[in-house]
Amino acid sequence: MLDERRARMSESPIPSDFIHVESKLDGITVYAPASRVENIPDARDFKCPNCGATTAYSPRAASVTCSNCGSVYAIHADNVGRGAAEFEFTLETVKQAETYSAPEVLRGWGVTRRELHCESCGANTSVAPTELSTTCPFCASNRVAARTAMPEIFRPRFLIPFQIERDACARFSREWLKRGWMYPSDLVRVAYNAQFTGIYLSFWTFSARVQAAWRAEVGREKTEQFFDMSEMKFKTRHRLEWKWEQGQVALPFDDELQTGTTRISASLLKRLAPYQLNALVTYEPSYLAGWRAQSYEISLNDAWDAARGRMREIARDACDEQIDSNHVRNFSMNAAFDDEAWRLLLLPAYLATYKFAGKSYQIVINGQTGKVAGDKPVAWTKVWLIVGILILPGILLAAVALVLGALHFGTGGWFVLGGFLFVVGAVIAVILIQQAMRAGEA
Ligand SMILES: [Zn+2]
Ligand SMILES: [Zn+2]
């Protein structure tokens with residue numbers, strides 16, 4: 001028994017003076033300081049058994065901890081990684097799940113949660129029942145109303161626990177804010193105080209095997225010789241020969257992520273990726289202790305429609321690749337989906353909203369990797385100033401050359417040089433302007 005305990009301690013983040021105490025809750029192992037009274041945490045709101053304070057999941061300890069007395073409660077979740085079981089489904093089982101007739105689909109968070117409804121942006125955020133803050137993490141509005149959590153949502157099956165501490169967000173965002181030159185110089189100072197909220201976002205993942213069969217008329221260039229009567233000689237000419245062709249591709253799709261939230265733009269989420277799905281663990285409500293979560297806003301059906309659309313596009317590209325000609329007409333494709341499976345995941349992210357010159361900007365940090373994605377204001381006066389500096393010398397030189405030329409000085413060379421400088425400056429300026437237009441989404 002003792003050996004077993006030692007073995008477990010050596011691989012866990014539990015301090016060595018903590019002992020394993022009896023737990024009456026499935027899925028949770030309790031460790032408490034050796035001298036303290038053994039007790040069980042209250043599963044409803046995760047009150048600390050030692051001191052009654054509210055506990056929270058700590059990324060550093062990878063356990064639920066009490067910041068008041070230092071107790072650590074280990075969570076028993078299996079690290080399932082990419083092998084996490086998926087729900088096989090057909091349209092039938094999606095319907096079953098939505099009409100409550102699939103018993104294997106659990107509902108609710110599995111723990112008492114409160115729901116905050118934002119009257120500004122409409123987002124719903126699930127929070128611990130003891131949380132006092134009433135700021136919307138998506139838009140920073142305080143016009144938030146509390147209500148009980150919706151019990152009918154599907155319970156997520158897996159999640160990636162937070163690995164980045166909240167304290168680290170300021171450093172990550174500062175480094176990100178400083179990157180690039182075309183931003184206002186006081187951006188770092190203004191945005192530095194942005195408050196980050198840790199929130200689990202809902203994602204669907206889909207796996208499927210797609211069999212796509214295509215048929216199209218493919219044109220191939222034929223070269224033929226003909227006798228030109230007018231010139232009395234043989235000539236060659238090219239023409240397209242159209243032929244019906246067909247083929248098929250088989251594509252396996254594994255864990256295609258499909259967002260479940262509508263509050264963060266697709267381009268932001270794309271820049272937040274990737275998440276390392278091999279860190280997936282089975283869902284335990286304890287991971288949510290002290291953290292916010294957002295249940296999905298995009299239904300399983302709608303998410304599957306979107307995922308299927310994307311798989312179809314990829315299959316179409318694969319079919320296109322089979323055709324070794326640029327001339328294609330009457331293309332048609334039939335895609336059959338097999339072995340469809342889905343799962344509902346929670347992925348960790350930190351959100352912050354900051355205001356600059358009266359406009360709101362969002363910063364999102366990947367709670368697993370620390371990758372930052374966000375929107376920044378572009379300092380267009382700075383950009384135009386540099387564009388001017390780039391173009392002006394060429395214009396001035398050409399203008400001087402023109403004036404002198406008009407006064408019958410031989411300045412043709414100068415004019416050409418001015419024109420050359422202008423063209424080079426203009427090309428660089430166009431590249432810079434394009435960069436600046438993209439820079440708003442860094
Ligand atoms: Zn405590
Ligand atoms: Zn809001």
Loop chymotrypsin sites (Phe, Trp or Tyr not before Pro), the range 368-420 (other Cβ atoms within 10 Å of the site Cβ: 14 or fewer; DSSP):
Phe409
Report, ordered by chain and residue number, the lysines lying within cross-link reach of Lys270, taken as a straight Cα distance under 30 Å and ignoring same-chain residues fewer than 8 apart.
Lys95, Lys178, Lys355, Lys359, Lys371, Lys376, Lys382
Just rank Ile365, Ile298, fewest to most, by other beta-carbon atoms within 10 angstrom.
Ile298, Ile365
Give me Arg239, Arg292 ranked fewest to most by other Cβ atoms within 10 Å of their Cβ, as a rough exposure proxy.
Arg239, Arg292
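In whole Å and largest first, what semi-axes does the C-alpha gyration tensor of the range 278-429 yield when each eigenvalue is scaled by 5 and square-rooted?
Details: eigenvalues 614, 196, 28 Å².
Semi-axes, largest first: 55, 31, 12 Å.
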Using the Cα gyration tensor of the range 380-439, the equivalent ellipsoid's semi-axes, largest first and to the nearest Å, work out to 29, 10, 5
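Can you pull out the GluC sites (Glu not before Pro) in the range 225-287 that DSSP calls coil and that have at most 15 other Cβ atoms within 10 Å? Intermediate values should be presented prior to the final figure.
Values: sites: Glu231, Glu241, Glu245, Glu256; in loops: Glu231.
Those that pass, being in a loop and sparsely packed, are Glu231.
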Express in whole angstrom the spacing between the alpha-carbon centres of the range 411-431 and the range 300-323.
47
Going from the fewest other Cβ atoms within 10 Å to the most, one would list Arg60, Arg209 as Arg60, Arg209
Which loop-located GluC sites (Glu not before Pro) does the range 144-219 contain, where loop means any DSSP state but H, G, I, E or B and the Cβ has at most 12 other Cβ atoms within 10 Å?
Glu152
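Each reported figure results from applying straightforward, stated rules to the coordinates on display, with no laboratory input. Just so it is clear, the model here is predicted, and its values are computed rather than measured. Positions of Cβ are generated from backbone atoms using ideal geometry, with glycine treated the same way; all protein chains shown enter the neighbour counts.
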